[in-house]
1. How far, in degrees from 0 to 90, does helix 178-191 lean away from the longest principal axis of the Cα atoms of the chain, to the nearest 10?
2. For region 215-291, what is the accessible area per residue in Å², given a 1.4 Å probe and the full set of protein chains?
3. For the pair K67/V417, report the inter-label distance in nm, with labels modelled 7 Å from Cα in the Cβ direction.
4. On the Cα set of region 420-481, report Rg and Dmax in Å, please.
5. What stretch of the chain, leaving out the sites themselves, is the longest with no GluC sites (Glu not before Pro) in a DSSP loop having at most 14 other Cβ atoms within 10 Å?
6. Please give the per residue accessible area of region 1-140, computed with a probe of 1.4 Å over protein heavy atoms only, in Å².
7. In nm, what is the difference between 0.36 nm times the number of residues separating K455 and Y255 and their Cα-Cα distance?
8. Whose amide H sits under 5 Å from the amide H of R5, counting only residues 5 or more places off or on another chain, with H placed in the peptide plane?
Amino acid sequence: MNNDRVLIFDTTLRDGEQSPGASLKVNEKLAIAHQLARLGVDVIEAGFPIASEGDFEAVSQIAKSVKGPVICGLARANPRDIDRCWEAVQPAEKPRIHTFIATSKVHREEKLRKSPEEVIDLARKAVRLAKSYCDDVEFSPEDAARTSLDYMCDVVRAAIAEGATTINIPDTVGYSEPSEFGGRIRYLFDKVPEVRKVVVSVHCHNDLGNAVANSLAAIENGARQVEGCINGIGERAGNASLEEVIMNLVTRRDYFQLDVGVNTRELYRSSRLVSSLTGLELQRNKAIVGDNAFAHEAGIHQHGVLSSKRTYEIMKPEDVGWTGDNLVIGKHSGKHAVMALLEEEGFHLDSDQIRQITAKVKALADKQKNVEREDVIAIARDISHQLSDEEQLVKMIEFSVTTGSGMMPTASVKLDVDGKMQIAAGVGDGPIDAVSNAIWQMVGADYQLQDYHLKAITGGTDALADVSIKLRDQKGQEYRARSVDEDVIRASAKAIIKGINKAMVSQEKRRLHPQHNGQ
Ligand SMILES: [Zn+2]
């Protein structure tokens, strides 16, 4: 094993997909996996195959079609999980089984109700079974950061004896401080010399905001694989943000003196794709990929203060793939220009989708002189994330709004709800409010609108409106949806209806497949 290389293990599709409000369809997971391969991550954790049919299907399709990275599936330490996991990853060029069991006292006693010896025994059996299928086996003692150091070492020793090739030390609940976590990794190297023959990995959560710092501290103490997610998404406060880990190692190579195998120029695009498919928007000041991360650029160009660039810039925007350019698509740019742009952005589209996108871009170009890159991307996202027919239990048939000065905006909306036509009227503080109120009267009884966010994609009064919303059902489950349209009222109505459809489909799925968890 090359000791100067840090392996990047992406779990956006497994841990990241467990983010509250994020839920990805199989084709969306495939699009992200292809982009991750293009980014050049070493391992893709594609899902938790036992969790649901959808998870299994996604892992299996990624294993069949995504080349380059190791394709990994997660399995608890039991034969059913491991068998199912192997079935899903087995077609991959480089398959990996990742199995885990909780080792902290609190998890052992409250969750597993097993003695320390029983847990070691289960870990041994799990690794042994996984190894009988697959050479590449990763083992994690879940909640390792809150496990007593010596017991953690015992479990790791047992897993290596059974053939584990990667040992992952997770800070499952994001409890560690950087120097403490680094010390834990150093202790492992001191007490279990056989870890030198395997890859030591870390998986840090961000509950105290330390996920990236803890990962880097682990690297300084010998860890050579970092697990994390694009944009730092994941359970609760999320996982270590991979773009931050990667750019720390690259920008401060002078300090770490370690290599990573990724193409950093794909970071920005990966970030955008994950954000748009999960509906989890980035804070503007997010390091590396936030809208403001390189914002001084624009000001500099405007004011011609070129000399200040080096004064404030530790990374070049183009190094993370931040183009900032606005390749303009005009009325006469054809299908090929649009396709080339979308291909570059990591979209995988069928010919029908391309036809729909090109038609929309042309219609927009007829109305506003120039269609910018961001417009095309927004349209493509909208069309590629349309729900399938069977997922559309509620469809918008038509709506009209009357508004004017001195009158209360009034809307009438006609919906097709599971094959039955319904009409309702609503009033509100503004036209969007009126339309939403009419929709709620027909289908909204079970949901609350938690969040409404409107963004004009490129400037001007004829800009495309990009609406994202969040709904919450009575059980507190959240659903996000996003829609793009030239008309802000229509974009809003479409987003709300998409959210309701997502909620209905997912409630049905949850009824069939109860909750799962992970490390
Ligand atoms: Zn996790």
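The values are calculated or read from the model by the stated rules, or taken from the named source; none is laboratory data. Being a predicted model, the structure only gives us computed values, none of them experimental. Positions of Cβ are generated from backbone atoms using ideal geometry, with glycine treated the same way; all protein chains shown enter the neighbour counts. Ligands, DNA and RNA are stripped out before the accessible areas are found, and what is left, the full protein with its side chains, is counted by its heavy atoms. Shrake-Rupley method; radii C 1.70, N 1.55, O 1.52, S 1.80 Å.
1. That works out to roughly 30 degrees.
2. 34 Å²
3. 5.1 nm
4. 13.8, 40
5. In the chain, the maximal stretch lacking such sites is 94-312.
6. Normalised by residue count, the accessible surface of region 1-140 is 37 Å².
7. Gain on stretching K455 to Y255: 68.0 nm.
8. Amide H to amide H, under 5 Å and 5 or more residues apart or across chains, R5 pairs with D259.
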